[in-house]
Amino acid sequence: MAKNSPFPKGPISQIQGRCLILTGDDIDTDRIIPARFLRCVSFKLLGDQVFADDRKELKGSHPFDLKSNQGASILIVNKNFGCGSSREHAPQALMRWGIRAIIGQSFAEIFYGNCLAIGIPCLTTESSKINAIAEEIKKTTEECWLLNINKKTFSRSNKKWQLSIDQRSLDMLTSGRWDATSQLISNCSNLKSFMINLPYLNNFSK
Amino acid sequence: MSSETLYDKVWDLHQVAKLPDGSTQLFVGLHLIHEVTSPQAFAALHDKGLKVICPERTIATVDHIVPTINQERPFADPLAEEMLATLERNCKKHNIKLHNLGSGNQGIVHVIAPELGLTQPGMTVACGDSHTSTHGAFGTIAFGIGTSQVRDVLASQCIAMNKLKVRKLFFKGSLSKGVHAKDLILHVIRKLGVKAGVGYAYEFCGPTIEQFSMEERMTICNMAIEGGARCGYINPDEVTFSYLKGCAYSPKDESWGKAIKWWQSLASNQNAVFDDEIQFNAEHISPTITWGITPGQGIGINEQIPTPESLDEDDRAIAEEAYRYMALEPGKKIQNLPIDVCFIGSCTNGRLSDLEAAAAIAKGRQVAEGIKAFVVPGSEKVARDAQAKGLDKVFIRAGFEWREPGCSMCLAMNPDRLDGNQISASSSNRNFKGRQGSPNGRTLLMSPAMVAAAAITGKITDVREFLK
Ligand code: SF4
């Protein structure tokens, strides 16, 4: 199961796995992880709570509950996925359920950044391709697909689609520098002298 | 590419370095934290053996999980108690100022930072909360961040970011009677959609905005994110300066004059270049209300719920979902729709002027039979100021509950929640499915005055009826 595959670490250049399709525009982070599950001081338990309310409503027929989707690691979505709140709990919940990459028409900005920060690549393509990809996946959910980040391709045997991802994200993922902390800290040696030049930190005297 | 806008000036000032991936290392002038998105960041810091680099630039409060009826510790909800206790521990350990319950300064993070004068023109402001855009009302670049970035800011006081494009939203004319800042921003999101702002910062400007108070400006910038824009801002002016004068953290004595000089220099220049520009006429805006499950699904109070045919093809699928979820019929009027719960509060509309506008409607009237109506001030200071003006009494006499400050039913992480498929008239900012605590609860967003009007009649009502 994807759930048991290790969390992203180091350079991420490709993701191999089965796919899961979630249809609909504007799927917000309140749906991905309802607010009551944010009452926690760790992300550990979020995997089981992903889409909790939508899943309850659909009583077992939600894509995240379908037996055939268990173990899938590549999520296919539509437009403006992840809009709404800045809660990193949303990508964390997806990741802990087993999602390792997302392909969609577009993503909300903060959500996209949050995904990148934990090593989940989000690639985009136009709606016609998303539909074609979904059609192909539906034919056989058992099949394994290959998402090649370097080449920006998504493929299986004789089928192949070209996707998009901005160069910055691509570099971060493939170089393993998507975890920005150490990079930022290494530039902080002169932070004090930088700060003294900011008017609001020097009593507006410069 | 934009140039000479406030956004460009503040951005340039805060660039620490160019990162190898082409992004910018941006210094964060003010970092705000709260109990929901910080514990995992502190844990990550601990795991990596890192310290908080500038503890004096981070300020904490507790807002999302606090109960609004009984705030005695330990909280009845052990999870909520654990979250606050963790925040207290982390702040103590890292020397971070916490405006805790009962301190006199606790409240919703986006309400307290401005009222304390922490938010000042020309700063970059970050917080693990998407409504950080609120602080843009002071002429800052203010944006929400995720928990990994909260960790980064704690560790480095910086964040890796790409520059946004800048869209100018120009407003002329005055709002008519009974129409508020909330209506204006709901109108904008309705017209431009919830995705239009992705990749942009919004500059709100023009005569309409210049006439607005700071509280109205905060309402506008607060909801920039609902239009997809990660930050929205307003150029600082006399209104900004007089708001800040004398606030706890505002510059004092000789610094004050120098501060004003600098702040004045930050406004977008006459010949600033924007990536995009849109004009609105405020006179055309009526009280606006959402009927669906995204903040973009709004209509004027006198309009009908749109039919699928009247919508862009792109908007139809989500409209269909909204009809179903909200149990509303296309083509029907929204007026007179019966409601169950009325919520006045949140970082959009939980400030003193919001409570005043609602109290003006509630005064001398009674909440309709069977309606649960409650008021949650945005902060301890708002509560104090409102009480000094007797607003609590006005509300209580009218049959509203008067609660303790916090986020409350804006997102229902505390005990304040909708039940089943109840419909709420809410002054908050999000009407997403399940947002107010019940998986099938329904939310209609509107101005606080409109919420008060709905409370009195028990149904969606044009607040202007009360002003005749
Ligand atoms: S009031 Fe609502 S939107 Fe504002 S910070 Fe609290 S939960 Fe978020």
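The values are calculated or read from the model by the stated rules, or taken from the named source; none is laboratory data. The shown structure was predicted, so the numbers you read here are calculated from the model rather than taken from an experiment. Reconstructed Cβ throughout: ideal geometry from the backbone, glycine too, with neighbour counts over all protein chains shown. Heavy atoms of the whole protein, side chains included, go into the accessibility calculation; ligands, DNA and RNA do not. Shrake-Rupley method; radii C 1.70, N 1.55, O 1.52, S 1.80 Å.
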ask   = Quick check: anything in segment B:342-355 open to solvent by less than 30 Å² (accessible area, probe 1.4 Å), assigned by TED's automatic domain parsing to the domain that holds B:ALA412, out of contact with any His (no Cβ under 6 Å at 6 or more places or on another chain) and of a type in the set (Phe, Trp, Tyr)?
value = yes
query = (1) more than 13 Å from chain B (Cβ to nearest Cβ); (2) polar (S, T, N, Q); (3) open to solvent by less than 20 Å² (accessible area, probe 1.4 Å): which one isn't true of A:SER86, the others all being true?
reply = (1)
request  = With the condition kept exactly as written, say whether any residue in segment A:56-79 is touching a residue at least 40 places away in the same chain (Cβ under 8 Å), within 16 Å of the ligand (Cβ to nearest atom), within 11 Å of chain B (Cβ to nearest Cβ) and closer than 24 Å to B:ILE293 by Cα.
outcome  = no
query = Could you list, in sequence order, the residues of segment B:116-130 that are open to solvent by 10 Å² or more (accessible area, probe 1.4 Å) and at the interface with chain A (Cβ under 9 Å from one of its Cβ atoms)?
reply = B:GLN120, B:ASP129
key: Sole residue being within 14 Å of chain A (Cβ to nearest Cβ), within 15 Å of the ligand (Cβ to nearest atom), closer than 23 Å to B:LEU186 by Cβ and among the charged types (D, E, K, R), chosen from B:ASP416, B:ASP354   = B:ASP416
query = What are the residues in segment B:269-292 that are over 21 Å from B:ALA181 (Cα atoms) and part of a strand (DSSP E or B), if any?
reply = B:VAL273, B:ASP276
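Matching residues to (1) under 14 Å from B:LEU444 (Cβ atoms); (2) among the hydrophobic types (A, V, I, L, M, F, W, C):
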residue: B:LEU337; (1), (2): yes, yes
residue: B:LEU352; (1), (2): no, yes
residue: B:LYS363; (1), (2): no, no
residue: B:VAL375; (1), (2): no, yes
residue: B:LYS381; (1), (2): no, no
task = Inspect segment B:441-459 for any residue being more than 16 Å from the ligand (Cβ to nearest atom) and either free of Cβ contacts under 8 Å to residues at least 12 places away in the same chain or within 14 Å of chain A (Cβ to nearest Cβ) (or both) and give the result as yes or no.
result = yes
query = Taking B:VAL150, is it closer than 30 Å to B:ASP47 by Cα, surrounded by 24 or more Cβ atoms within 10 Å (Cβ to Cβ) and in contact with a Gly (Cβ under 6 Å, 6 or more places away or on another chain)?
reply = yes
remark   = Within segment B:293-321, restricting to residues that are away from chain A (no Cβ under 14 Å) and part of a loop (DSSP other than H, G, I, E, B), the one that is most open to solvent (accessible area, probe 1.4 Å) is B:ASN302
ask   = Applying the selection to segment B:89-108, what residues are more than 12 Å from chain A (Cβ to nearest Cβ) and either in a helix (DSSP H, G or I) or within 16 Å of B:MET214 (Cβ to Cβ) (or both)?
value = B:CYS91, B:LYS92, B:LYS93, B:HIS94, B:GLY107, B:ILE108
ask   = B:SER133 passes all but one of (1) surrounded by fewer than 24 Cβ atoms within 10 Å (Cβ to Cβ); (2) touching a residue at least 12 places away in the same chain (Cβ under 8 Å); which number fails?
value = (1)
note = Over segment A:40-53, the set of residues farther than 22 Å from B:GLU35 by Cβ and facing another protein chain (nearest Cβ under 8 Å) is A:ASP53
query = Hey, A:GLN16 hits all of (1) open to solvent by less than 20 Å² (accessible area, probe 1.4 Å); (2) within 16 Å of the chain's Cα centre (by Cα) but one; which does it fall short on?
reply = (1)
query = Is it the case that segment A:129-148 has a residue that's facing chain B (nearest Cβ under 10 Å), out of contact with any Cys (no Cβ under 7 Å at 6 or more places or on another chain) and under 19 Å from A:SER169 (Cβ atoms)?
reply = no
remark   = Restricting segment B:38-66 to residues that are of a type in the set (A, V, I, L, M) and within 24 Å of the chain's Cα centre (by Cα), the one farthest from the ligand (Cβ to nearest atom) turns out to be B:ALA41
message = For segment A:47-58, check the following and say yes or no: at least one residue is farther than 25 Å from B:ALA80 by Cα, part of a loop (DSSP other than H, G, I, E, B) and modelled with pLDDT of 95 or more.
response = no
ask   = Within segment B:261-277, can you find the residues that are more than 16 Å from B:LYS168 (Cα to Cα) and open to solvent by 50 Å² or more (accessible area, probe 1.4 Å)?
value = B:LYS261, B:GLN264, B:SER265
message = Residue under question is B:GLY136, and the condition is that it be closer than 21 Å to B:SER428 by Cα, within 14 Å of chain A (Cβ to nearest Cβ) and under 15 Å from the mean Cα position of the chain (by Cα); does it hold?
response = no
inquiry  = I'd like to check which helices (runs of 4 or more DSSP H) are fully inside segment A:83-147 and have at least 1 residues that are among the β-branched types (Val, Ile, Thr).
reply    = A:109-117, A:127-139
